[in-house]
Amino acid sequence: MTNWQELEKKYFMQTLERVPLTIVRGKGAYVWDEEGKEYLDFVGGWAVNSLGHCHPAVTRALTEQANLLIQTSNQFYTVPQLKLAQLLVENSCLDRVFFGNSGAEANEAAVKLARRYGQLKLSGAYEVITTLESFHGRTLAMVAATGQPKFQQSYSPLPTGFVNVAYNDVEAIKSATTERTCAVMVEPIQGEGGVNLPDDGYLAAIRKWCDRKGILLILDEIQTGIGRTGTLFAYEQYGVEPDIMTLAKGLAGGVPIGAILAKEKASVFAPGEHGSTFGGNPLACAAGYATVKFIIDNNIAGKAKEVGQYLTSGLEKMRPRFPFITDVRGRGLLVAVEFNSDIAQSLVMACLERGLLVNKLKPNALRFMPPLIIGKKEVDQALAILDKALGSVAK
Ligand SMILES: Cc1ncc(COP(=O)(O)O)c(C=O)c1O
């Protein structure tokens, strides 16, 4: 049998420490390795596999589209792109869409759009205020936007035009706002930075401030969007509407895609001012349409809310037996559990051994981002494995 993990060491750029598992097949909430061992997947492609692995609706849409038309240039009209755009607009507070290929690319486009808005409406304002512990992607500009020095320090000088301020601190945003500011960009819930929930009123206070200053509010819903937190978009739970919203991850059930959506007043790109070769290609958009339609038609977001509460309360119930659990937090099926010491890596390995995939969020925290189609049965199975894993590291 080919030793794929050896090939990775030899041929692949060593950009991350992988979990020693080669996944060859997936179905629903489960994946299998080369030897046929089954794993319950609570990583979900980092919050991507919203409908699980190889969901029939997604596979069917991909197969049909692959036999019809895979790619043209964006000079021409293609149907899946327009169907997906209509579906997103009709189910959100935004008016127009542009498709790209990834989250970072969507955020880049959002910042370009905000800068263009600044040029046209705010006397050339170009600066975007973002928050510490945020995560907006890996391109150079998004590394500058991401308020985490560990992602920034290897790449100086960083592009200018970003100010990183404390999260959950609207006064910090107010103090950082100048005549150069064109937008504030935040994740409704910080995902990668720790599954950090906004304090009551934080997002509404930012919205109010942006309105007062005439600047734009960009919500990065790349991780929180498409049902993940219990509503189709997380903003719905906080009583705010963004001027610009970015999506990616769960949008096309596993196929690479990114999108920016904007209110009419912020849709200021003119022909030629932005573009993409692959963005909005028929294959990705057919998968996107099938995914979002299924999620809406089957109230998958509502189910994610219910199952997410079941998961969170199951984790809470473990706390008396494992007092080294210091926090359980999350919304819907974006959940983190934190410990009083750096045991996350040992737990990832202990769960792996027992057939459960979980994500190390920080040295002392795990994150769960399972497919949104899981039920209580899968949660019970995951909790039982986690219980044993916690018992093994506690010894
Ligand atoms: C909130 C958020 N924004 C942006 C990104 C970047 O997305 P991508 O990796 O598709 O570029 C991520 C990825 O984790 C994310 O969680």
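Hey, can you tell me all the residues within segment 367-395 that are in a helix (DSSP H, G or I) and aromatic (F, W, Y)? Working first, answer last.
The initial filter retains those residues of segment 367-395 that are in a helix (DSSP H, G or I), namely 376-394.
Hits for segment 367-395: nothing passes.
Please enumerate the residues belonging to segment 47-76 that are within 20 Å of the chain's Cα centre (by Cα) and under 21 Å from G279 (Cα atoms). Spell out the reasoning first.
First, the residues of segment 47-76 that are within 20 Å of the chain's Cα centre (by Cα): 47-55, 58.
Correct list: A47, V48, N49, S50, V58.
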| So which helices (runs of 4 or more DSSP H) stay within segment 141-234 end to end and still have 2 or more residues that are acidic (D, E)? | none
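Output yes when any residue across segment 20-28 is charged (D, E, K, R) and either open to solvent by less than 70 Å² (accessible area, probe 1.4 Å) or farther than 29 Å from A286 by Cβ (or both), and no when none is.
Looking through segment 20-28, none of the residues is charged (D, E, K, R) and either open to solvent by less than 70 Å² (accessible area, probe 1.4 Å) or farther than 29 Å from A286 by Cβ (or both).
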| Mind checking which residues of segment 126-140 are within 16 Å of the ligand (Cβ to nearest atom), open to solvent by 20 Å² or more (accessible area, probe 1.4 Å) and assigned to a loop (DSSP other than H, G, I, E, B)? | E133, F135, R138, T139
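Is it the case that some residue within segment 336-346 is open to solvent by 20 Å² or more (accessible area, probe 1.4 Å), among the small types (G, A, S) and closer than 21 Å to P371 by Cα? Working first, answer last.
Looking only at segment 336-346, we keep the residues that are open to solvent by 20 Å² or more (accessible area, probe 1.4 Å), and these are 338, 340-343, 345-346.
Those left that are additionally among the small types (G, A, S): 341, 346.
Next cut, closer than 21 Å to P371 by Cα only: none.
Within segment 336-346 (the criterion being open to solvent by 20 Å² or more (accessible area, probe 1.4 Å), among the small types (G, A, S) and closer than 21 Å to P371 by Cα), the answer is no, since none of the residues qualifies.
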| query | Given the residues A183, A176, A204, which is the only one that is under 14 Å from A234 (Cβ atoms) and either away from the ligand (no atom under 14 Å from the Cβ) or free of Cβ contacts under 8 Å to residues at least 24 places away in the same chain (or both)? | reply | A204
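Just give me the residues in segment 19-45 being at negative phi and either part of a loop (DSSP other than H, G, I, E, B) or within 16 Å of the ligand (Cβ to nearest atom) (or both), in sequence order. Can you show your working first?
So in segment 19-45, the residues at negative phi come out as 19-27, 29-35, 37-43.
Residues satisfying the conditions are V19, P20, L21, T22, A29, E34, E35, K37, F42, V43.
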| Mind checking whether some residue in segment 147-156 is of a type in the set (S, T, Y) and open to solvent by less than 50 Å² (accessible area, probe 1.4 Å)? | no
| field | Residues of segment 256-285 that turn out to be part of a helix (DSSP H, G or I), within 16 Å of L84 (Cβ to Cβ) and open to solvent by 10 Å² or more (accessible area, probe 1.4 Å), as a count | value | 1
| field | Of residues in segment 84-99 being of a type in the set (A, V, I, L, M, F, W, C) and part of a loop (DSSP other than H, G, I, E, B), the one surrounded by the most Cβ atoms within 10 Å (Cβ to Cβ) | value | L94
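Being under 20 Å from the mean Cα position of the chain (by Cα) and at negative phi narrows it down to one residue among V165, V186; which is it? Steps first, answer last, please.
On the way: V165 fails: under 20 Å from the mean Cα position of the chain (by Cα).
Result: V186 is the single residue among V165, V186 that is under 20 Å from the mean Cα position of the chain (by Cα) and at negative phi.
Does Q81 satisfy being more than 16 Å from the ligand (Cβ to nearest atom), of a type in the set (S, T, N, Q), over 20 Å from the mean Cα position of the chain (by Cα) and open to solvent by 70 Å² or more (accessible area, probe 1.4 Å)? Show your work before the answer.
Working: more than 16 Å from the ligand (Cβ to nearest atom): yes; of a type in the set (S, T, N, Q): yes; over 20 Å from the mean Cα position of the chain (by Cα): yes; open to solvent by 70 Å² or more (accessible area, probe 1.4 Å): no.
No.
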| message | As an exercise: evaluate L197 against (1) within 16 Å of the ligand (Cβ to nearest atom); (2) in contact (Cβ under 8 Å) with a residue 40 or more places away in the chain; (3) in contact with a helix residue (DSSP H, G or I) (Cβ under 9 Å, 6 or more places away or on another chain); (4) open to solvent by 10 Å² or more (accessible area, probe 1.4 Å) and give the number of the one condition it does not meet. | response | (3)
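Looking only at segment 46-77, count how many residues are crowded, with 18+ Cβ neighbours inside 10 Å and either in a helix (DSSP H, G or I) or more than 16 Å from the ligand (Cβ to nearest atom) (or both). Please lay out each step first, then the result.
Going residue by residue through segment 46-77, those that are crowded, with 18+ Cβ neighbours inside 10 Å are 47-53, 55, 57-58, 61-62, 65.
Going one step further and asking which of them are either in a helix (DSSP H, G or I) or more than 16 Å from the ligand (Cβ to nearest atom) (or both), we end up with 47, 51-53, 55, 57-58, 61-62, 65.
Selection size over segment 46-77: 10.
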| request: Could you grab me the full set of residues in segment 237-246 that are crowded, with 24+ Cβ neighbours inside 10 Å and among the aliphatic types (A, V, I, L, M)? | output: I244, M245
| message | Which numbered condition in (1) away from the ligand (no atom under 16 Å from the Cβ); (2) outside any helix (DSSP H, G or I); (3) not aliphatic (A, V, I, L, M) is the only one that T15 fails? | response | (1)
| message | So K249 ticks every box in (1) farther than 30 Å from Y117 by Cβ; (2) open to solvent by 30 Å² or more (accessible area, probe 1.4 Å); (3) within 16 Å of the ligand (Cβ to nearest atom) but one. Which box is left unticked? | response | (1)
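Considering G275, G302, G258, which residue is within 15 Å of the ligand (Cβ to nearest atom) and touching a residue at least 60 places away in the same chain (Cβ under 8 Å)?
Values: G275 fails: within 15 Å of the ligand (Cβ to nearest atom); G302 fails: within 15 Å of the ligand (Cβ to nearest atom).
Being within 15 Å of the ligand (Cβ to nearest atom) and touching a residue at least 60 places away in the same chain (Cβ under 8 Å) holds for just one of G275, G302, G258, which is G258.
Quick one: would you say F294 is at pLDDT 95 or above and either within 11 Å of the ligand (Cβ to nearest atom) or open to solvent by less than 20 Å² (accessible area, probe 1.4 Å) (or both)?
Details: at pLDDT 95 or above: yes; either within 11 Å of the ligand (Cβ to nearest atom) or open to solvent by less than 20 Å² (accessible area, probe 1.4 Å) (or both): no.
Considered against the rule, which asks whether it is at pLDDT 95 or above and either within 11 Å of the ligand (Cβ to nearest atom) or open to solvent by less than 20 Å² (accessible area, probe 1.4 Å) (or both), F294 comes out as no.
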| Quick check: anything in segment 213-220 in contact with a His (Cβ under 8 Å, 6 or more places away or on another chain) and within 12 Å of the ligand (Cβ to nearest atom)? | yes
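The values are calculated or read from the model by the stated rules, or taken from the named source; none is laboratory data. Quantities reported herein were computed from a predicted structural model and do not represent experimental measurements. All Cβ positions, glycine included, derive from the backbone under ideal geometry; neighbour counts span all protein chains shown. The accessibility values were calculated without ligands, DNA or RNA, using every heavy atom of the protein model including side chains. Shrake-Rupley method; radii C 1.70, N 1.55, O 1.52, S 1.80 Å.
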